[in-house]
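Before any comments, here is the structure.
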Amino acid sequence: MIRKIIQTTKGIPVTDGAGVKLTRIIASPELDMVDPLLLLDRFETENPDDYIGGFPPHPHRGFETVTYMLEGSMRHKDNTGNEGVVEPGGIQWMTAGKGIMHSEMPEQDEGLMRGFQLWINLPASHKMSEPGYQEFSGDHIAREDTERGGIIRVITGTTDKGTAGPVINKLTDPLYLDITLTPGESFSQSVPQSHNAVIYMIEGEVAIDDTNLCHEQLGVFGDGAAVQITSASEGARFLLMAGKRLEEPVARGGPFVMNTRAEVLEAFADLRAGRF
Ligand code: FE
């Protein structure tokens, strides 16, 4: 059974960090979450005033943050000793676990900055695990070329043709693909029934069953075993993201995502006590 689109959203403008202008696509009043996807932010601006402040040191607990850069460079640094620059096409996949303190700052003072940050929940059993960290530059992201000239960049998960992404995550078994299709090209991919899935349009237009999606729209897929996406006459580029539903209570508190309010308060208490 092919999955249909059950909801669409364009997100809302927000400011986060030290004055960074973003579009919040998941974790908005229209779309709270798509279990286990807790939040999706897009940043796209040529105006340094919109990004120069970056995200100075701040904590996270209980989930994973995934930064995917399309244009521009971002330097990250955390208190477990990881530091690096995410450049165009690169991915940084941070498992905050029981707690991490990190900063994410632009490695440029002019020019285009464009990319995404996704938050993926951790199961209750792993919210207090040791922090983890996976980072891959653009040339280490797996690539699959379609017969018609389309390009599938595989960050995590495995395509139906067997191309596997470098990021490993057994907890929510995510799929994260950046797909470029030539005009009128179809792409299909199996997505387990246990998973929720979304598509985010970067460029162009696609048809999914009887729904058309265009530039800067997110579509939430309903149930099914596979997705089938056909690009319109201009071709299209989009992200396909999926993860296994956790079906656990979610308690959010700023940079912490736990299962109960008490656990969120404990995270704030640990932060004040310098335990991050
Ligand atoms: Fe962060």
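The values are calculated or read from the model by the stated rules, or taken from the named source; none is laboratory data. Since the model is a prediction, treat every value here as computed from it, not as a measurement. Note that each Cβ is placed from the backbone with ideal geometry, even for glycine, and that neighbours are counted across all protein chains shown. Side chains are part of the model used for accessible areas, which takes the heavy atoms of the whole protein and leaves out ligands, DNA and RNA. Shrake-Rupley method; radii C 1.70, N 1.55, O 1.52, S 1.80 Å.
Okay, here's what the table says:
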| read-out | value |
| --- | --- |
| 5 angstrom amide H check on GLU104, placed H, neighbours 5+ away | PHE55 |
| Accessible carbon and sulfur surface of the stretch 22-101 relative to its total accessible area, %, 1.4 Å | 46 |
| Calculated FRET efficiency for the pair GLU234/ALA124, C-beta based, R₀ 41 Å, to 0.05 | 0.40 |
| With Cα atoms, 0 to 90° folded angle of helix 261-272 axis to the chain main axis | 60 |
| Under Karplus coefficients 6.51, -1.76 and 1.60, residue-wise ³J(HN,Hα) of the stretch 125-133 in Hz, glycine/proline x | 5, 10, 5, 9, 7, 5, x, x, 7 |
| Amide H within-cut-off set for THR146, under 5 Å, with H built and near neighbours excluded | ILE151, ILE152 |
| Per residue accessible area of the chain, 1.4 Å probe, in Å² | 42 |
| For ARG143, solvent-accessible area (1.4 Å; no DNA, RNA or ligand), Å² | 140 |
| Per-residue HN-Hα couplings for the stretch 146-152 [Karplus 6.51, -1.76, 1.60; θ = phi - 60°; Hz; x = Gly/Pro] | 7, 4, 9, x, x, 10, 10 |
| Gyration tensor verdict on the chain (Cα atoms; rounded if a/c is under 1.5, prolate if a/b is larger than b/c, oblate otherwise) | prolate |
| 222 nm mean residue ellipticity, helices alone, for the chain (DSSP H n ≥ 4; -39,500 (n - 2.57); rounded to 500) | -1500 deg cm²/dmol |
| Length added when fully stretched, ASP270-LYS170, from 0.36 nm per residue minus Cα-Cα | 33.2 nm |
| Other-chain or far-sequence residues with amide H under 5 Å of ALA226's (modelled H) | ARG3, VAL191 |
| J(HN,Hα) series, the stretch 24-34, from Karplus relation 6.51 cos²θ - 1.76 cosθ + 1.60, nearest Hz, glycine and proline x | 9, 9, 10, 5, 10, x, 7, 9, 5, 6, 10 |
